[in-house]
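Please read the structure below before turning to the comments.
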Amino acid sequence: DFVIGDEGSWVDEVTLGMAIGESRDLTLGKDKPIYGSWTQERVMKIPLAQLKYRFDQLPSDLKVGAEIWPIGGEFPMVVVDLNPTEATIDTNHPLVDTVVTMSVKLVGLEELPESERVVIKRIS
């Protein structure tokens, strides 16, 4: 379920003009990466002593290349460097910069109640 305008432009683009029951294939590539583009800012150094407070079920033999799950996280993160005091963790989504192909089917359409709509007026 989604509201047009809430999920991002790729959802809007693929669903606009569709009829209920209609399906479309969608391929999102490097020009429109669904999971974003890789950024160095999402690579973090974390003291080893703090890892147990941030990640679930850490392996006792943590190694470079290990996938670890943040507590409450939606996807695993990867250990890219390890030294005696800290781990360097890549928190970019595993499918970052990946071409993704999906099939979308419009199964229903409901008008948003007026009480839930937001109207923005430009004053200048």
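The values are calculated or read from the model by the stated rules, or taken from the named source; none is laboratory data. Quick caveat, the model's predicted, so the values are computed rather than measured. Neighbour counts run over all protein chains shown; Cβ positions are idealised from the backbone, glycine included. Accessible surface is based on the protein model in full, side chains and every heavy atom, while ligands, DNA and RNA are left aside. Shrake-Rupley method; radii C 1.70, N 1.55, O 1.52, S 1.80 Å.
Values computed for the structure shown
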quantity: Area of residue 69 that stays accessible when all protein chains are in place (1.4 Å probe, Å², to 10); calculated: 120 Å²
quantity: Relative contact order (percent, whole number), segment 26-93, Cα cutoff 8 Å, 6+ residue spacing; calculated: 33 percent
quantity: Cα lying deepest toward the dipole's positive end in the chain, options 37, 23, 106, charges on Cβ; calculated: 37
quantity: Loop-located GluC sites (Glu not before Pro) in segment 24-109 whose Cβ has at most 13 other Cβ within 10 Å (DSSP); calculated: 74
quantity: Fully extended contour minus Cα-Cα distance, from residue 95 to residue 116, at 0.36 nm per residue; calculated: 4.2 nm
quantity: With all protein chains modelled, accessible area of residue 109 [1.4 Å, Å²]; calculated: 120 Å²
quantity: Cleavage-rule hits (trypsin sites (Lys or Arg not before Pro)) in segment 37-67: DSSP loop, at most 11 neighbouring Cβ within 10 angstrom; calculated: 63
quantity: Gyration tensor (Cα) of segment 44-99, equivalent ellipsoid semi-axes in angstrom; calculated: 19, 13, 9
quantity: Cβ charges +1 (Lys, Arg) and -1 (Asp, Glu), total dipole of segment 65-124, debye; calculated: 360 debye
quantity: Share of carbon and sulfur in the accessible heavy-atom surface of the chain [1.4 Å probe, %]; calculated: 52 percent
quantity: For residue 43, distant residues with modelled amide H under 5 Å away; calculated: 91
quantity: Normalised per residue, the volume of the convex hull around the Cα set of the chain (Å³); calculated: 203 Å³
